[in-house]
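Here is the structure we will look at.
The values are calculated or read from the model by the stated rules, or taken from the named source; none is laboratory data. Worth saying up front: this structure is predicted, and the values here are computed from it rather than measured. Ideal geometry is used to build each Cβ from the backbone, glycine not excepted, and the neighbour counts take in all protein chains shown.
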Ligand SMILES: Cc1ncc(COP(=O)(O)O)c(C=O)c1O
Ligand SMILES: Cc1ncc(COP(=O)(O)O)c(C=O)c1O
Ligand code: FES
Ligand code: FES
C-alpha cells in the first residue's frame, strides 16, 4: 500500500479531533448570535469571551486586545492598511522585509500605489533581518515596521525582541505576522514590544477561516471591515462562533503541548536535515540551521525544478511544497529564496517539508531516501546537470 | 417546562445537521490546502470547486463569478470599497438607501470621509426604494448603486429588477446586499442586471464565517484582502474549505426546499401578523404587508420600549430581536424604522420575529398571547401610556 | 447580561404607579432616546418620604433602577434621599453592564427632579439640590470605543 | 491537475538523453524562469528524423511535453516536424491546465531551434522556419487575472 506522509503543515494542518469536538455544539445547539440579548445566545457569547481569554493569555495580552478575523491574510491587511490610514498625517513611510508573506508584501505594494513609501529590508543568508539596516532605514516619517515573527518558507525566526525595542525606542508602531510562529514557539507581546500581531487558526490544528489581530490598547487603528458593532466595533460581521471556539481549543492544546512537541519535532527535523545533507550531493539547507521553527525543513537541490520534484514526491505519498502554497503554480521562484541570495535556477529547485508531532523517524528516513532517488532521476534528465 | 421558541432567524440560523455532516470530513480527513499540487489536496480542491458550482447555479451565475469571503460584511465592504477605488476616475458619487445594513451604510460613510459623495435614498412607508427618486439621483459621476435585495429588519423586498434596469440603462455598476434574501426567495443575477451580490452562509442554515461576493465577469474591481493567489487572485487567504462545503450544502438544501418552505413560513407569518394586529391595540406592522420575506414579522407597539419587551419575551422562552442584532445594545432606535417614517418613541418599541420552517401555528399563538400580555404589563408602567 | 437582582426588580418592579396629589413629581429622560422616568413622592411634614411611585418607559436597566431607587428612598428624609446616588442604586442591584450605567443616572435625576418640584411647591431650598436638566443625556459623550 | 497521459509521460519520459554528433541541437528556455529544454535530432540524408532525445529542467508539464513532442517527431520528415505545434502536443497529452500552456510552447520552440541548428549546419533553408528566440518567455504577457 502507498504511504501517506503529510509534510506540509506550514500550508495547513489537520484540525485536531478535539478541536472539532469542541466546535460541534456551536453549530446546531448553541447557534445563537452572540450580539443578541436573549438567554439562548448567552452560551455563544460566553464561548466567544472564554476563548478570547485563552488566546489573550497565550500572548500575555489582555482579552480586549484580541480581535477575531477570518485568518492571517485579513489580519495582515487590516493591521497594515489601517495603520497607514491612521498615521498618514504623521508620515507615509513603512518598513518591512523582503521575505514577508504575500499578505504583507502585496498589501505594502498596494499602499505604494496610494503614495506610501516602503522600505523592503534585505536579510542575511540565513534569512534574518539585519538590525543595523533596520536602524538605518528609520526616518522621521516612518509610521510602521512590519516584520514577520518566523518565515513560512525557510522557518527562520526573526530577532523580534530587538526589532520591537528599536521600534519602541523610535516610537514607531510594530506589527508582526506571527501566522507561522504562534502556537509553535513562545510569544509575549509585552516583552517584544509588539503593537499588533496576526495569527491564523488553521496553522495550529485549528479550523480554517478564523484568525485574529492583536491590537495593543492605545493603538488607534480603525476598522477594516465596517458594519455592525462586533469586536468592540472594530471588526464587523456576525462572530464565527464555532471558529472562535475551535481556535481557542487549538491554542489551549498548542500551548500545553508546546515544549514537548517542539522537542520531538526538532529531533525529527534535525534527523531529516542531517540525513539529506549527508546523502544527496549539491544540496543546501535554506534558513538558519538551528534558529528556525521546530517543524521546518527547506532544501534546494541544484539542477532540478521544484514542481517536478513535488509531483514525484507526491507519487511516493509525500505531500510537500516548493515555496509557499499560495505561490505554487506561479512561474517565479520564491521571493524568500532569492532574498537569501540563491540564484534563480537554484531557488527553483527547492523543497519545503514541514512536520508535525505525529511524524516518525522512520518516515523521515523514507523521505530522505525518496528525495535522494527522485533528485537523482530528475538530474539525469536535466540539461543543467552535466554543464 | 419553559418553552424555547427561536424567532431570530434573521440574526442567524441553526446550522443544519446535514450541513455539519458535509463539513466534517474536511476538518480531519481532507484537510489539505486546496492551493497545493499534491494528490492529498485534490479532495479539498474538488470540494471547493463543486460547491462554487452549486452556489453559482443558485444565482444563474458562472462558477468563476463566485468569490468566497468570510461573510456578508466582508462582501459588502469589498464590493463598495473596491468599486469606489476602481471607478474613482469616472466619478465619486454613490447611490444607496437609508435602510441598508450597517455593513453598507458604515462603509459608505467611510467613503464619504475619503471624498466620495453618497446619496441615501428615502424609502416609502413600506420600506421600498422609490424608483423615480433613484432616477433623479443619478448623476454623470455616479459610479455605483448599492441597494439591498430585502431588508433585514422589516423584510420588505426591493424592486431589484427595476433598479437593475435603471442601473444598466445608465451604465452604472449595481451591487445588492442579498444577505437576507439569498436562499429565501429566487434570485437571478442576469434577469435583475446585478453586477455584484453579497451573501452570508449563516443566514440560510449554513455555517458562520463564510460568505461570498458574486462579481459579474468584466467588472474590474480588485482585491480587498491582498496576499496569496486564492480565489483567482482576488481574495487572499487559505480557503475555508469546511465553510465552503457547508455553505454549498446549505444552498443546495435551501434551493431544493425553497418553494415549500416559503409557503409554510408565509402561512405562519400571516397567522402571527393577523393575530397580533387583532388582539393588541396600538400596534403597527412594519414593512410591506405581502411583499416581504416569507419569514419576517416586525411590529411596533406604542408606549413600550424594545429591550424591556425583548427581555420579557425571553423570560417566556421566546428569542426575538428589536431592530437588527448588530445594533442592539445601542441607544439609537433603528435607522430603518425611522426611515419608514416612525417617530423615535414608536421606533423604540419594535419587535422583530423571524421564523423558520420548523415553527408551528401553535407556537405563533403562544407568541401572540405572550406579546399581548407583556405589552399590557409594560404599558401599565409606562408614563407615556395615559398621556 | 443583567444580575439576578436587576432581573428581579425588572420582573417584579416595586412601587409602580402614580400618587395623586403627590408632594413632588419629577419626569426626566426623553422618549426619542427611548427612556422616560417619572417619580412621585409623598413627603410628610417632617420631610420624610412616606410613599413613592414610578412609571418608566425604558430598558430593563431603567425599570430595575427605578424600582430599586424607589425602594431606597422610601422612609428616608429628603436630605438622605438627595444623597442616594446612581452608584448606590447600582450597588444595590449588584451592578449594571457598562453600557447601562447611564440608565441608572436616570433614576438619580428623576428623584432629584421630584425633590425640586417638592421644594418649589413648598418654597423650600434644599441644600445641594440643583435644577434638574430636562434631558439627562444632554452632556453625555458617546464612548469612543462603541463606534 | 494533470491528465493521465501527462502523468504517464512525466513518470516515464520517452527519449530522455543525448545524441552524440546530433544533426541538430536546440536549447530554449531560461534557468531563471525555471525551465530549460534541449532537443537532439538525428536526421538522415532524406530529411527524416531517425532519432530524437531530450533533456529538460522544468515542471511536470515541461517534461511531459518534451517527451510527447519527441515521440511525435520521431520518424517524421523535417517539414512534418516543423508543422507539429504545441497544440498538437497538448492534444496528444489530452490537454494541459491553462497555466501550463506556455510550457508546451517550450517543446515546439526546442524542436524549431534544433531544426534551425540542423539547417544552419547543412546550409539549408527550411521554409517557414524562423530563427529561434533565445527566451520564449520574452514576449509573453502575464495573464491579467492571475494577479
Ligand atoms: C442585510 C444584511 N447585510 C449584511 C449582514 C452582515 O452579514 P454577516 O454578519 O454575515 O457579516 C447582515 C447580517 O447581519 C444582514 O442582515
Ligand atoms: C507567514 C504567513 N502570513 C500569512 C499567511 C496567511 O494566512 P491565511 O492563509 O490564514 O490567511 C500565511 C499562510 O498562508 C503565512 O504563512
Ligand atoms: S434607559 Fe436608555 S438604554 Fe437604558
Ligand atoms: S516549464 Fe515553466 S511552468 Fe512549466
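Okay, residues lined up against (1) in contact with a strand residue (DSSP E or B) (Cβ under 8 Å, 6 or more places away or on another chain); (2) more than 16 Å from ligand 3 (Cβ to nearest atom); (3) more than 14 Å from chain B (Cβ to nearest Cβ); (4) under 20 Å from residue A:273 (Cβ atoms):
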| residue | (1), (2), (3), (4) |
| --- | --- |
| A:129 | yes, yes, yes, no |
| A:132 | no, yes, yes, no |
| A:135 | no, yes, yes, no |
| A:142 | yes, yes, yes, no |
| A:145 | yes, yes, yes, no |
| A:170 | yes, yes, yes, no |
| A:173 | yes, yes, yes, no |
| A:177 | yes, yes, no, no |
| A:182 | yes, yes, yes, no |
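Here are A:206, A:155: which of them is farther than 28 Å from residue B:107 by Cα, under 12 Å from the mean Cα position of the chain (by Cα), more than 16 Å from ligand 4 (Cβ to nearest atom) and assigned by TED's automatic domain parsing to the domain that holds residue A:40?
Selected residue: A:155, the only one of A:206, A:155 that is farther than 28 Å from residue B:107 by Cα, under 12 Å from the mean Cα position of the chain (by Cα), more than 16 Å from ligand 4 (Cβ to nearest atom) and assigned by TED's automatic domain parsing to the domain that holds residue A:40.
Away from ligand 1 (no atom under 16 Å from the Cβ), within 14 Å of another protein chain (Cβ to nearest Cβ) and touching a strand residue (DSSP E or B) at 6+ places or on another chain (Cβ under 7 Å), is that true of residue B:40?
yes
Could you list, in sequence order, the residues of region A:166-184 that are under 17 Å from the mean Cα position of the chain (by Cα) and more than 21 Å from residue A:78 (Cβ to Cβ)? Step through it out loud before you land on a result.
Step one: of region A:166-184, the residues under 17 Å from the mean Cα position of the chain (by Cα) are A:174-184.
Hit for region A:166-184 is A:184, nothing else.
State yes or no: is residue A:185 within 16 Å of ligand 1 (Cβ to nearest atom) and modelled with pLDDT of 95 or more?
no
Taking residue B:65, is it touching a helix residue (DSSP H, G or I) at 6+ places or on another chain (Cβ under 8 Å), at pLDDT below 95 and more than 16 Å from ligand 2 (Cβ to nearest atom)?
Criteria not met by residue B:65.
When you scan region D:41-63, do you find a residue that is within 16 Å of ligand 4 (Cβ to nearest atom), under 21 Å from residue D:121 (Cβ atoms), in contact with a helix residue (DSSP H, G or I) (Cβ under 7 Å, 6 or more places away or on another chain) and free of Cβ contacts under 8 Å to residues at least 60 places away in the same chain, even just one?
Within region D:41-63, one or more residues are within 16 Å of ligand 4 (Cβ to nearest atom), under 21 Å from residue D:121 (Cβ atoms), in contact with a helix residue (DSSP H, G or I) (Cβ under 7 Å, 6 or more places away or on another chain) and free of Cβ contacts under 8 Å to residues at least 60 places away in the same chain.
Name the residue that is farthest from the other protein chains (Cβ to nearest Cβ), counting only residues in region B:224-245 that are surrounded by fewer than 24 Cβ atoms within 10 Å (Cβ to Cβ), in a helix (DSSP H, G or I) and touching a residue at least 12 places away in the same chain (Cβ under 8 Å).
My answer is B:231.
Among (1) assigned to a loop (DSSP other than H, G, I, E, B); (2) at the interface with another protein chain (Cβ under 8 Å from one of its Cβ atoms), which single condition is residue A:221 missing?
(2)
So, in region A:19-32, of the ones that are part of a loop (DSSP other than H, G, I, E, B) and over 29 Å from the mean Cα position of the chain (by Cα), which residue ends up farthest from the other protein chains (Cβ to nearest Cβ)? If you could, list the steps in order and put the result at the bottom.
Of all residues in region A:19-32, those part of a loop (DSSP other than H, G, I, E, B) come to A:24, A:29-32.
With over 29 Å from the mean Cα position of the chain (by Cα) added as a condition, the list becomes A:29-32.
Values: A:29: 8, A:30: 10, A:31: 5, A:32: 7 Å.
Once the filter is applied, the top-ranked residue is A:30.
Please verify whether residue B:90 is part of a helix (DSSP H, G or I) and not assigned by TED's automatic domain parsing to the domain that holds residue B:336, treating the condition exactly as stated.
In short, no.
Considering region A:306-318 alone, what residues qualify as being more than 14 Å from chain D (Cβ to nearest Cβ) and surrounded by fewer than 24 Cβ atoms within 10 Å (Cβ to Cβ)? Lay out the reasoning, then the answer.
Filtering region A:306-318 down to residues more than 14 Å from chain D (Cβ to nearest Cβ) leaves A:317-318.
Residue satisfying the conditions is A:317 alone.
Inside region B:343-368, can you point out the residues that are over 21 Å from residue B:262 (Cα atoms), in contact with a helix residue (DSSP H, G or I) (Cβ under 8 Å, 6 or more places away or on another chain), surrounded by fewer than 17 Cβ atoms within 10 Å (Cβ to Cβ) and modelled with pLDDT of 95 or more?
Those that are over 21 Å from residue B:262 (Cα atoms), in contact with a helix residue (DSSP H, G or I) (Cβ under 8 Å, 6 or more places away or on another chain), surrounded by fewer than 17 Cβ atoms within 10 Å (Cβ to Cβ) and modelled with pLDDT of 95 or more: none in region B:343-368.
Looking at B:163, B:187, can you tell me which residue is part of a loop (DSSP other than H, G, I, E, B), away from ligand 2 (no atom under 16 Å from the Cβ) and under 20 Å from the mean Cα position of the chain (by Cα)?
One residue alone meets the criteria, B:187.
Which one is farthest from the other protein chains (Cβ to nearest Cβ) among residues in region C:23-52 that are modelled with pLDDT under 90 and at positive phi?
Of everything passing the filter in region C:23-52, C:29 is farthest from the other protein chains (Cβ to nearest Cβ).
Going by what's in this entry, would residue A:35 be described as within 8 Å of chain B (Cβ to nearest Cβ) and crowded, with 20+ Cβ neighbours inside 10 Å? Quick ask: steps written out before the conclusion?
Working: within 8 Å of chain B (Cβ to nearest Cβ): yes; crowded, with 20+ Cβ neighbours inside 10 Å: yes.
Against the criterion (within 8 Å of chain B (Cβ to nearest Cβ) and crowded, with 20+ Cβ neighbours inside 10 Å), residue A:35 qualifies.
Of the residues B:287, B:248, which is buried (at least 22 other Cβ atoms within 10 Å of the Cβ), away from every other protein chain (no Cβ under 11 Å) and out of contact with any strand residue (DSSP E or B) (no Cβ under 7 Å at 6 or more places or on another chain)?
B:248
Restricting the first residue to region A:66-82 and requiring it to be farther than 15 Å from residue A:237 by Cα and assigned by TED's automatic domain parsing to the domain that holds residue A:188, which pairs with a second residue that is within 9 Å of ligand 2 (Cβ to nearest atom) and in a strand (DSSP E or B) meet a Cβ separation below 6 Å and a spacing of at least six or different chains?
Listed by first residue and then by second, the contacts come to A:72/A:198; A:72/A:200; A:72/A:211; A:76/A:177; A:76/A:198.
Check whether at least one residue in region D:111-125 is within 13 Å of chain A (Cβ to nearest Cβ), farther than 22 Å from residue D:4 by Cβ and either in contact with a helix residue (DSSP H, G or I) (Cβ under 8 Å, 6 or more places away or on another chain) or touching a residue at least 40 places away in the same chain (Cβ under 8 Å) (or both), and report yes or no.
Yes, because at least one residue in region D:111-125 is within 13 Å of chain A (Cβ to nearest Cβ), farther than 22 Å from residue D:4 by Cβ and either in contact with a helix residue (DSSP H, G or I) (Cβ under 8 Å, 6 or more places away or on another chain) or touching a residue at least 40 places away in the same chain (Cβ under 8 Å) (or both).
Just to be sure, is residue C:55 within 23 Å of residue B:345 (Cβ to Cβ), surrounded by 15 or more Cβ atoms within 10 Å (Cβ to Cβ) and modelled with pLDDT of 95 or more?
yes
For region B:94-137, give me the residue count where each residue is touching a residue at least 60 places away in the same chain (Cβ under 8 Å) and assigned to a loop (DSSP other than H, G, I, E, B).
10
Filter region B:328-387 down to residues that are on the phi < 0 side of the Ramachandran plot, away from chain C (no Cβ under 14 Å) and assigned to a loop (DSSP other than H, G, I, E, B), then give me how many there are.
7
Residue-wise test of (1) under 18 Å from the mean Cα position of the chain (by Cα); (2) in a helix (DSSP H, G or I).
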{"residue": "B:251", "(1), (2)": "yes, yes"}
{"residue": "B:259", "(1), (2)": "no, yes"}
{"residue": "B:268", "(1), (2)": "no, yes"}
{"residue": "B:274", "(1), (2)": "no, yes"}
{"residue": "B:277", "(1), (2)": "no, yes"}
{"residue": "B:297", "(1), (2)": "yes, no"}
{"residue": "B:312", "(1), (2)": "no, yes"}
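Could you grab me the full set of residues in region A:230-241 that are in contact with a strand residue (DSSP E or B) (Cβ under 8 Å, 6 or more places away or on another chain) and more than 11 Å from ligand 1 (Cβ to nearest atom)?
Of everything in region A:230-241, those that are in contact with a strand residue (DSSP E or B) (Cβ under 8 Å, 6 or more places away or on another chain) and more than 11 Å from ligand 1 (Cβ to nearest atom) turn out to be A:231, A:232, A:234.
Under 7 Å between Cβ atoms, at least 6 apart or on separate chains: pull out the pairs that start in region B:199-218 with a residue that is closer than 20 Å to residue B:256 by Cβ and end on any residue that is part of a strand (DSSP E or B) and within 16 Å of ligand 3 (Cβ to nearest atom).
Filtered contacts from region B:199-218: no entries.
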